[in-house]
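Have a look at the structure below before the remarks.
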Amino acid sequence: AKFVASRPPAAMIHVFNCAKDACALPGKACVECGKVCSQINCKPCQDACSELGNAFQTFWDKPLSTYVVVKVLMASGMIYYCYSAMSTEAIKSCHAVKQGNWVEGETWLTIQMGFAIVHLIFAPYFQTRIWNKMLEKLKEGRVQLGPDNTVPAYVVHESFKEVFLYDLGVLFYAMIMAASFVWSVAGSNSMTGACDPGGNSGAAAYFGLCFFWLAVVYNFLYYFCGCCASSVQLSDPSIMRDYALVR
């Protein structure tokens with residue numbers, strides 16, 4: 001029997017669509033800017049604005065777009081705090097090993113920044129893998145786009161589960177995330193005093209801990225609760241023109 005996920009309450013759908021439309025406003029502004037440029041015969045500006053606007057709107061059409069934005073912002077903050085701590089003279093003279101720690105402050109911050117870069121890269125990777133899995137299902141003809149150019153919620157949920165369970169990149173990231181959590185716990189206990197100039201080292205450790213708990217809670221809910229996966233409404237159905245028939 002074909003699995004069909006229950007539909008989220010109608011009120012929540014309107015909330016999600018409203019949030020999506022609000023976040024897509026910059027992309028719509030770029031598209032309109034391209035139209036203005038076409039009136040003054042500025043072809044390069046028109047193409048640049050149109051492509052940027054379409055790319056922005058396409059991003060918000062994809063599942064997990066909010067998750068990606070949150071993780072990118074968190075990773076950027078983590079990189080900022082690591083860099084800020086490493087830029088001070090205090091971190092170079094804190095002598096963490098002499099204080100009984102097993103690694104120097106600069107070394108801990110360098111590796112912590114490396115973890116932040118991995119977190120930054122994985123978020124769009126995970127989203128892209130789920131998006132491609134959805135395209136595969138549409139290409140194979142197992143599902144069709146619904147009314148108003150929507151990808152059904154059960155397709156999004158099934159694609160998420162398949163990528164989560166079988167993608168080697170996700171497995172690799174799970175191991176990196178576990179290592180990042182242990183490293184952040186160690187840093188939160190050892191990067192104190194002179195090794196925590198301006199509180200930047202502690203903030204970097206805190207962000208590392210938050211990455212772990214965000215991934216655990218979000219993926220647990222998304223995997224076991226199909227209602228967390230809403231249908232995806234496409235602002236540009238031509239994206240899937242080669243993969244599915246619009247009803």
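The values are calculated or read from the model by the stated rules, or taken from the named source; none is laboratory data. All values derive from a computational prediction rather than experimental measurement. Note: ideal-geometry Cβ built from the backbone for every residue, glycine included; neighbour counts use all protein chains shown. Quick note on the areas: whole protein, heavy atoms, side chains included, nothing else; ligands and nucleic acids left out. Shrake-Rupley method; radii C 1.70, N 1.55, O 1.52, S 1.80 Å.
Remarks
- Val118 falls short on exactly one of the conditions (1) open to solvent by less than 60 Å² (accessible area, probe 1.4 Å); (2) at pLDDT below 90; (3) under 24 Å from the mean Cα position of the chain (by Cα), and that condition is (2).
- Flag for Ala123 being modelled with pLDDT of 90 or more and among the small types (Gly, Ala, Ser): yes
- Every residue from region 127-160 that is modelled with pLDDT under 90, surrounded by 17 or more Cβ atoms within 10 Å (Cβ to Cβ) and charged (D, E, K, R): Lys133, Lys137, Glu158
- Count of region 96-115 residues which are under 16 Å from Ser188 (Cα atoms) and open to solvent by 40 Å² or more (accessible area, probe 1.4 Å): 10
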